[in-house]
1. Would you please name the residue that is nearest to Arg93 (Cα to Cα), looking only at residues in region 135-165 that are among the β-branched types (Val, Ile, Thr) and open to solvent by less than 70 Å² (accessible area, probe 1.4 Å)?
2. In this structure, does Thr118 turn out to be polar (S, T, N, Q) and either surrounded by fewer than 16 Cβ atoms within 10 Å (Cβ to Cβ) or closer than 30 Å to Ala8 by Cα (or both)?
3. Tell me yes or no: at least one residue of region 166-176 is part of a strand (DSSP E or B), open to solvent by 40 Å² or more (accessible area, probe 1.4 Å) and either among the β-branched types (Val, Ile, Thr) or within 22 Å of Thr76 (Cα to Cα) (or both).
4. From the residues in region 1-43 that are surrounded by 14 or more Cβ atoms within 10 Å (Cβ to Cβ) and of a type in the set (Phe, Trp, Tyr), which one is nearest to Thr60 (Cα to Cα)?
5. Just give me the residues in region 72-94 being at pLDDT 90 or above and surrounded by fewer than 15 Cβ atoms within 10 Å (Cβ to Cβ), in sequence order.
6. Within region 95-107, track down each residue that is hydrophobic (A, V, I, L, M, F, W, C) and either surrounded by 14 or more Cβ atoms within 10 Å (Cβ to Cβ) or in contact with a Pro (Cβ under 6 Å, 6 or more places away or on another chain) (or both).
Amino acid sequence: MLRSLNTAVSGLQEFQQDIDIIGNNIANVNTTGYKDSRADFEDTFSQALSSNVQVGSGVTTADTAMNFSQGTINNTGVSTDLAISGPGFFEVRNPADNATYTTRAGDFHVDDNGYLVTNSGMRVQGYDDAGLSTVGDIQIDATGAPSTATPGATASSYTIDPNGQVVVTLSDQTQFVRG
């Protein structure tokens, strides 16, 4: 009898965990870049009572897996809103402690210093040189402008191409790729 109750209790506990995961998915349904999770269950140890009868001793969570299938990409009309098509993450850095993180959320903006940042101020990382060899904070300014640019020209506009390269247009209409 006690064994039966333990089996039932383990099922209820795992069902509660599944409900918690579903609740988390629902709570984050409007979170930009959120990927839902699911619980995978498995039997725990079973015991043979007689030659042909086995009794399970409950259930446990085998895995909590994230769903990384491609979601819908919507055009927002905001030049700094980016999306990843396929697998991958944006890498961002907290300038306060230099810790790096990854995110699928691409709702970025440019801060007062010209850095491409998340809503919480973390700086988006990318190649910050023309040779695509050094990863650093993406800053949209005149740094790296070609020698043909007018001395003192400033960044007047920019676009981000489908490959994630920032094309900067200077006040003298010179264009160059940044990152």
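The values are calculated or read from the model by the stated rules, or taken from the named source; none is laboratory data. From a predicted model like this one, the values you see are computed outputs, not experimental measurements. As a convention, Cβ positions derive from the backbone with ideal geometry for all residues, glycine included, and neighbour counts pool all protein chains shown. For accessibility, only protein heavy atoms count, side chains too; no ligands or nucleic acids. Shrake-Rupley method; radii C 1.70, N 1.55, O 1.52, S 1.80 Å.
1. Here is the first cut: in region 135-165, the ones among the β-branched types (Val, Ile, Thr) are 135, 138, 140, 143, 148, 150, 154, 159-160.
Filter once more, so that each one left must be open to solvent by less than 70 Å² (accessible area, probe 1.4 Å): 138, 140, 160.
Details: Ile138: 10, Ile140: 16, Ile160: 20 Å.
By that ranking, first place goes to Ile138.
2. Values: polar (S, T, N, Q): yes; either surrounded by fewer than 16 Cβ atoms within 10 Å (Cβ to Cβ) or closer than 30 Å to Ala8 by Cα (or both): no.
No: the conditions fail for Thr118.
3. Looking only at region 166-176, we keep the residues that are part of a strand (DSSP E or B), and these are 166-170, 175-176.
Remaining after also requiring open to solvent by 40 Å² or more (accessible area, probe 1.4 Å): 175.
Subsequent filtering for residues that are either among the β-branched types (Val, Ile, Thr) or within 22 Å of Thr76 (Cα to Cα) (or both) retains none.
Among the residues of region 166-176, not one is part of a strand (DSSP E or B), open to solvent by 40 Å² or more (accessible area, probe 1.4 Å) and either among the β-branched types (Val, Ile, Thr) or within 22 Å of Thr76 (Cα to Cα) (or both), which makes the answer no.
4. Filtering first and then ranking leaves Phe41.
5. Of everything in region 72-94, just one residue is at pLDDT 90 or above and surrounded by fewer than 15 Cβ atoms within 10 Å (Cβ to Cβ), namely Asn94.
6. Taking region 95-107 and keeping what is hydrophobic (A, V, I, L, M, F, W, C), we get 96, 99, 105.
Scanning region 95-107 gives a single hit, Ala105.
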